[in-house]
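The values are calculated or read from the model by the stated rules, or taken from the named source; none is laboratory data. Quick caveat: nothing in here was measured; it's all calculated off a predicted structure. Methodologically, a virtual Cβ is constructed for each residue, glycine included, from the backbone with ideal geometry; neighbour enumeration extends over all protein chains shown.
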Amino acid sequence: MSKESFLREFINEVWNKKNFKKIEKYIHNEYTIHLDPDDPWERKTLSHSEFRNRMELGSFKPFPDMKFDITSAIEDENHVAITWILTGTNLGQIGEHPPTKKPINAKGMTIYHFKGHLINGHTQIFDRKSVMKQLGFI
């Protein structure tokens with residue numbers, strides 16, 4: 001299986017279907033967030049349990065219906081770069097902000113880093129400010 005196919009499967013199974021039991025199938029036990037501005041885990045290396053915690057509390061608690069649609073992908077030997085559209089509805093608290101019940105739609109790009117056949121980190125950029133505007137926080 002190509003790294004791109006592997007990554008697409010990971011996004012679908014773990015992120016879109018929320019099948020957290022499959023994290024270890026796709027994610028290396030040392031997952032480093034190289035760059036992800038405004039992410040509290042930026043520059044940290046996460047274990048499987050920390051990765052799962054980040055997903056559950058940081059992503060799915062505020063947006064339980066969060067979904068990623070990959071719009072393009074480019075693969076090289078140790079990376080897969082994807083562009084994506086993120087959609088979801090804010091049904092949980094974000095920091096001190098109560099749920100707005102408003103939908104979001106945001107575009108972004110992530111470069112996933114591979115170690116062997118497993119994903120061991122990412123470099124990501126997306127416009128979090130537009131998400132905050134869509135939710136009415138700014």
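Within the stretch 116-136, being part of a strand (DSSP E or B) and loosely packed, with under 14 Cβ neighbours inside 10 Å holds for one residue alone: 125. Of all the listed residues (87, 83, 71, 100), the sole one being part of a strand (DSSP E or B), modelled with pLDDT of 95 or more and more than 14 Å from residue 7 (Cβ to Cβ) is 87. For the stretch 49-70, which residues satisfy the criterion of being more than 20 Å from residue 82 (Cβ to Cβ) and touching a strand residue (DSSP E or B) at 6+ places or on another chain (Cβ under 7 Å)? Answer for the stretch 49-70, where residues must be more than 20 Å from residue 82 (Cβ to Cβ) and touching a strand residue (DSSP E or B) at 6+ places or on another chain (Cβ under 7 Å): 62, 65. Being surrounded by fewer than 15 Cβ atoms within 10 Å (Cβ to Cβ), more than 11 Å from the chain's Cα centre (by Cα), of a type in the set (D, E, K, R) and more than 20 Å from residue 26 (Cβ to Cβ) holds for only one residue in 76, 69, 65, and it is 65. Every listed requirement among (1) closer than 20 Å to residue 44 by Cβ; (2) at pLDDT 95 or above; (3) out of contact with any Asp or Glu (no Cβ under 7 Å at 6 or more places or on another chain); (4) of a type outside the set (A, V, I, L, M, F, W, C) is met by residue 95 save one, (2).
Search the stretch 26-55 for residues being within 25 Å of residue 5 (Cβ to Cβ) and polar (S, T, N, Q), and hand back the single one that is surrounded by the most Cβ atoms within 10 Å (Cβ to Cβ). In this case the residue turns out to be 32.
Just one of the numbered conditions (1) at pLDDT 95 or above; (2) farther than 24 Å from residue 2 by Cβ; (3) not in a loop (DSSP other than H, G, I, E, B); (4) not charged (D, E, K, R) is not true of residue 58: (1).
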